[in-house]
Amino acid sequence: MNLVFASGFLIPQHLLGIDYFRGLRAHLEDRHATVFPVVPPLATSEERARVLADAIQQQYPEGAIHIIAHSMGGLDSRTLIARNLHGLSAPGRIASLTTLSTPHRGSPVADLLAGPRPDGPRRLVYDGVSQALGLLGIPTGALANLTTESASRVPEAAQTHPHIRYRSYFASGRPGLLPTCFALAPTHHYVHSVTGQANDGVVALDSARYGEFQQPLWQCDHADMIGHNLDTDDLSGFQFDHFAAIDAIISQL
């Protein structure tokens, strides 16, 4: 089976010896053909979609493929399909798109950082986080595609190319008292305060729905889905088995 793993916003596919989809290449190499396209992590979905399409066409110039996309990678993939880049949306090419906590209807976190500047108490959060990202050289404008307004303009691939199967998965948070890692706790509480919904620290439940919404929900946070527990061992012994979860996805393709 030919598999494509599309990465999300901010973090590249490979960084200092760490893979975005942690350990997955080695886990799958004896059973499936895989490609993990390197896309510009701070680019727009249109730009990322073109790079993603180029990588897919180079790796798999013919035959059926399945895309499994985390977070913003799902928006990139929808854009690729709707634009039919390299003819990949033709029957017999992209067979399915599976999204993992993709903000199909945007993320309140992106709205906070890249949307209209808020008033009141939210202004303190906005200014503080924006300043921190600026010091790190991370342009908050790159978040624009993840806002509610921008996400609403992402092409509806499921309507334009209904012969492709679309499935979506959602991380509802870890079991127990702490639903996310320590790093995502502030954004988890913020998303819940805005939406009132279960969320993985970045994406709320309704935003993750696209095509055939799959259950049960994954009991982990946004980073756990791809094998990264952002807590140290001293803070948490939690470990989500992302290998088993992705194996289950593949078995149903």
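The values are calculated or read from the model by the stated rules, or taken from the named source; none is laboratory data. Just so it is clear, the structure is predicted and the values come from calculations on it, not from any experiment. When we count neighbours, we look across all protein chains shown, and the Cβ atoms used for this are built from the backbone with ideal geometry, even at glycine. The accessibility values were calculated without ligands, DNA or RNA, using every heavy atom of the protein model including side chains. Shrake-Rupley method; radii C 1.70, N 1.55, O 1.52, S 1.80 Å.
Full extension from VAL38 to HIS163: what is 0.36 nm times the residue separation minus their Cα-Cα distance, to one decimal in nm?
On the way: separation 125, 0.36 × 125 = 45.00 nm, distance 2.69 nm.
Taking 0.36 nm per residue and subtracting the Cα distance, the gain is 42.3 nm.
Subtracting the Cα-Cα distance of ILE18 and GLN239 from 0.36 nm times their residue separation leaves 77.9 nm of extension gain. For ALA69, the residues 5 or more places off, or on other chains, whose built amide H falls under 5 Å of its own are ALA6, THR98, THR99, LEU100. Karplus-derived 3J(HN,Hα) values for the stretch 169-178, using 6.51 cos²θ - 1.76 cosθ + 1.60 with θ = phi - 60°, are 10, 9, 9, 8, x, 6, x, x, 6, 9 Hz; glycine and proline are entered as x. Accessible surface computed residue by residue for the stretch 35-95, with neighbouring protein chains in place and a 1.4 Å probe, gives 35 Å² per residue. The distance between label points at ALA64 and THR148 comes to 3.9 nm (points 7 Å beyond Cα on the Cα→Cβ vector). For THR34, the residues whose amide H sits under 5 Å from its own are LEU3, ignoring neighbours fewer than 5 places away on the same chain, with H placed 1.01 Å from N. Counting pairs of alpha carbon atoms under 8 Å apart in space and at least six apart in sequence, what relative contact order in percent does the chain give? Computed value for the chain: 18 percent relative contact order.
The length gained on full extension between LEU253 and ARG105, counted as 0.36 nm times the residue separation minus their Cα-Cα distance, comes to 50.8 nm. With semi-axes √(5λ) of the Cα gyration tensor in Å defined as stated, name the option among [x] 39, 19, 15; [y] 34, 18, 16; [z] 28, 21, 17 computed from the structure displayed. Only one option fits the structure, namely [z].
Ignoring ligands, DNA and RNA, what percent of the accessible area of the chain is carbon or sulfur (1.4 Å)?
Numbers: 6640 of 11560 Å².
Roughly 57 percent of what the probe reaches on the chain is carbon or sulfur.
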